[in-house]
Amino acid sequence: MAQNPHGEAPARPFLPARGRRALSFVTAGVLAAAGVVALAGNAQAVGALGDAAAAKGRYFGTAVAANHLGEAAYASTLDAQFDSVTPENEMKWDAVESSRNSFSFSAADQIVSHAQTKGMKVRGHTLVWHSQLPGWVSGLSATELRSAMNNHITQVMTHYKGKIHSWDVVNEAYQDGSSGARRSSPFQDKLGNGFIEEAFRTARTVDAGAKLCYNDYNTDGQNAKSNAVYDMVKDFKQRGVPIDCVGFQSHFNSNSPVPSDYQANLQRFADLGVDVQITELDIEGSGSAQAANYTKVVNACLAVTRCTGLTVWGVTDKYSWRSSGTPLLFDGDYNKKPAYDAVLAALGGSSGGGDDGGEDGGGTGACTATYSQTSTWNGGYNGEVTVKAGGSGITTWTVPVTVPSPQKVSAVWNGTPTTSGDVMTVRPAWNGTLAAGASTSFGFTVTTNGNTSAPVVGACTAS
Ligand code: G2I
């Protein structure tokens, strides 16, 4: 990579020939100012959780309730941050088939069409579950129940065929505690152990394009319950029963903390030849403790190649199923919490700043890095990263910038880069010392080589 040899405050960026021609009548100062204005509308997307996760080959989703989509702040937070949605209740049996063979998809359709309009993926939740099951199901004979279960799977999956990336085919079929036994349910009690296999086999015949998951809670570490699920998945893989993924709900609080072997547990399932997904993540708490727990979960997923994505169980604390525990990434006023910053940083993204209320967390609160593209031309662009000190003054800062292959950085100004692979780590040139709340910026020129994706600007660290 060519870099500006004059790290000492060049006033004007080096621009390659085409960029210089396109911008020859604009001074560097005007360029920077114009860039900020022109790109203000993009700033949110740059920092979004979904984008940061996508750069790591993962999705980052949330549970969504159809009845909140009309609330502007709810919808705008959803749209700006997430790239996958799970209907929180709208695809459950009682919602879609409250009377036998009479299906109503309107609330779930609302979520799916919102997601499609915004380019988000959809997780299907859930086909066979003992809870939120209408009374008529439990009254059926074994023969009728088998037929009703297969009909339910077939009708619901057919309705959404091609629109769902992963289905929770069976949910929560095992007991808590040390028995490793199946949970009592109409399906278990009348159809026996084979009901899970039957559900997966039916599901595969309906939508071969959807990943078929088994989903459960308290299976997040290695314990009797997760061992039982592990044995089932192993058996399914050995016998060719179609299962593609295991969902780890990951509902955590002080009684049920993030297990120390969380990553190892994900990995042992992945080693069976299935994807793993974090499906209903929420962690009660607040501040840096909550942020640190979220970091553990995201890092564990990133460390397991087959961990394909994470979903948090709601957009805002105020609509959480356990809102008093404030377990989510946005507070009741849609402010980003320290947990949000921690997740974004763990995903390698950078905080968009603005409404963090001085509550930066996750150990990266000393500075923030905000990216904007200041100019673009056929074959290249200039990027600018604004580094802002947090509540205390700093004397140096570090920001990782990853340009997607085969892009190449051809110049850097107002910063000193070192490069390893695609990651360029930028430290100050002359501009390391910043008073509390003060900012500086560095810039760089990129040759796109055909890939016009934005670079991923990681978390700012300072001392
Ligand atoms: O319980 C947390 C989750 C555990 N894993 C499976 C998930 O599907 C489950 O989600 C929760 C929803 O977040 C709640 O919103 O499932 C609950 C039902 O088991 C949902 O609660 C229900 C209420 O119990 C109902 O009274 C209410 O009508 O939500 C319904 C719709 O708002």
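The values are calculated or read from the model by the stated rules, or taken from the named source; none is laboratory data. Here the structure is a predicted model, which is why all the values come from computation and not from measurement. Because the Cβ atoms are built from the backbone with ideal geometry, glycine has one as well, and the counts that use them run over all protein chains shown. Each accessible area value is taken on the protein alone, full model and side chains, heavy atoms only, with ligands, DNA and RNA left out. Shrake-Rupley method; radii C 1.70, N 1.55, O 1.52, S 1.80 Å.
Note: the stretch 43-112, Cα convex hull, 77 Å³ per residue.
Neighbours of Leu140 by Cβ distance under 14 Å: Lys/Arg scored +1, Asp/Glu scored -1, total 0.
Show which aspartates and glutamates lie in cross-link reach of Lys163 when reach means a straight Cα distance below 12 angstrom and same-chain residues fewer than eight apart are skipped. The qualifying aspartates and glutamates are Asp109, Asp207. Convex hull volume per residue, computed on the Cα atoms of the stretch 393-451, equals 73 Å³.
Screening the chain for DSSP H helices whose Cα atoms reach 27 Å or more along their own axis and whose mean Kyte hydropathy is at least 1.0 gives nothing. The H on the amide N of Val276, modeled in the peptide plane, is under 5 Å from the matching H of Val246, Cys307, Thr308, each at least 5 residues off or on a different chain.
Taking Rh as the Kirkwood radius computed over C-alpha pairs, what is the Stokes-Einstein D of the stretch 197-252 at 37 °C in a medium of viscosity 0.692 mPa s, expressed in µm² per second? The calculation lands on 275 µm²/s. Of the two radii for the stretch 110-181, the radius of gyration is 1.06 times the Kirkwood radius, both from the alpha carbons; that is the Rg over Rh value. Here Ala289 and Ser260 are evaluated by their C-beta separation; at R0 = 25 Å the FRET efficiency comes out at 0.95. Split the accessible area of the chain by element, probe 1.4 Å, and carbon with sulfur accounts for 50%. Its alpha carbons considered, the stretch 129-251 gives a radius of gyration followed by a Dmax of 14.1, 39 Å.
Measuring between alpha carbons in the structure, the pairs from Lys56/Lys118; Lys56/Lys121; Lys56/Lys161 lying more than 22 angstrom apart are Lys56/Lys161. Across the chain, Cα-Cα pairs farther apart than 29 Å form 52% of the total.
For the stretch 217-327, place one equal point scatterer on every Cα, skip the solvent, and apply the Debye formula. What is log10 of I(q)/I(0) at q = 0.12, 0.20 Å⁻¹? Relative scattering, expressed as log10 I(q)/I(0), comes to -0.41, -1.01.
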